[in-house]
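Enquirer: Quick one: this structure, given as C-alpha cells, is what I'll be asking you about.
What follows is calculated from the coordinates using simple rules that are stated; it is not laboratory data. Remember, it's a predicted structure, so these values are computed and weren't measured experimentally. Glycine also receives a Cβ, built like all others from the backbone with ideal geometry; neighbour counts cover every protein chain displayed.
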C-alpha cells in the first residue's frame, strides 16, 4: 500500500486529508512539526510527503532541507502562498510540486498520482489495492477479491464474494432468490434449488455481520428477497 505522510499543524486540514486519502486506498501518517516529520519519515517510510510551508513558527522549507539529508522521498508543498517566485524557490530546494490553498481534494489526488508516476512509485499497485466499494467499515476490493471489515481481512469463497459484490453494487435494490440465481449463478430455479441462495446469504452474514440473526448489511425483505443496506437500518 502506498504511504503518504501529511506534515501540517492545522488539525482540520490533516483530518480532511487523512480521511480522503484513506478512502483513496493510501496508508496515512500525520506529523505537526519538523521533529515529527523527520521521525515519521524514518519510521513510516512514506512514498510521498505533503508538507505545509507554514508550520506554526517553523518554515516548511527548512523542514524540507532537513528532510533531504535523510531521504529523497517526493515532497509536495501545501501553501497559501501562490507567488511564482516562492513556488520556484520551493522547487529549487527539492520540492516536487506545489498545491495552493484552498484546494480541491480532486486536485490533491491528481497531483499525488502525477508526482508518484514521475518518481517511479507504483501507482498501478495503489489503484489495485484501493477498495472499489466502501460502506463505513466494510470495504470491498473487486480487483483483489478481498473484503475487509474494520480493517480485518475476511475469507469468502468466490461465489460468496460474487454474491456480496452483486448486492452491494446496487444498494437497497431488492432481489429475489430467482434473480440472484440468474445473475450470480447464471442458473434458474428449474435447474438449481433456490435454497442455494439462502445458504450463501447465511454464510456471508456469518462472516460480515456482528449479529447474523439481526443483519446490518444484508437484510431480508419478507416475501420478496434480499437487499444490501449501505447505511445502518434505524
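Enquirer: For the chain, what relative contact order do you get, as a whole percent, if you take Cα pairs closer than 8 Å and at least 6 residues apart?
Expert: RCO, the chain: 13 percent.
Enquirer: Could you tell me the center-to-center distance, by alpha carbons, between region 177-219 and region 25-40 in angstrom?
Expert: 44
Enquirer: Follow-up question, since we're still on this one. Could you work out the relative contact order of region 133-228? I mean the mean sequence separation of Cα pairs under 8 Å and 6+ apart, divided by the number of residues, in percent.
Expert: Computed value for region 133-228: 26 percent relative contact order.
Enquirer: Also, I was wondering about something else. In the set (1) 144; (2) 162; (3) 136, which value of volume of the Cα convex hull per residue in Å³ was calculated from the structure you see?
Expert: Here the calculated entry is (1).
Enquirer: I would also like to ask the following. With r as the distance between the Cβ atoms of residue 110 and residue 33 and R0 = 25 Å, compute the FRET efficiency 1/(1 + (r/R0)^6) and round to 0.05. Spell out each step's value before the answer.
Expert: Details: r = 28 Å, r/R0 = 1.11.
Efficiency for this residue pair is about 0.35.
Enquirer: Mind running the shape call on region 133-228? Use the C-alpha gyration tensor, a ≥ b ≥ c as the square roots of the eigenvalues: rounded below 1.5 for a/c, prolate if a/b tops b/c, oblate otherwise.
Expert: prolate
Enquirer: With axes computed from alpha carbons, what is the tilt in degrees of helix 105-119 against the longest principal axis of the chain, rounded to the nearest 10 within 0 to 90?
Expert: 70
Enquirer: Could you work out how far helix 34-44 tilts from the main Cα principal axis of the chain, as a 0 to 90 degree angle to the nearest 10?
Expert: Helix 34-44 and the main axis of the chain meet at about 50 degrees.
Enquirer: Can I ask one more? Before rounding to the nearest 500, sum -39500 (n - 2.57) across all DSSP H runs of length at least 4 in the chain and divide by the residue total; then give [θ] at 222 nm in deg cm²/dmol.
Expert: That calculation yields -12500 deg cm²/dmol at 222 nm.
Enquirer: Starting from the 7 Å offset along Cα-to-Cβ, what nm value, one decimal, do you get for the label separation of residue 195 and residue 10?
Expert: Using points 7 Å along Cα→Cβ, the separation is 6.2 nm.
Enquirer: Over the chain, what is the percentage of antiparallel beta bridges among all DSSP beta bridges, to the nearest 5?
Expert: Within the chain, antiparallel bridges account for around 50 percent of the total.
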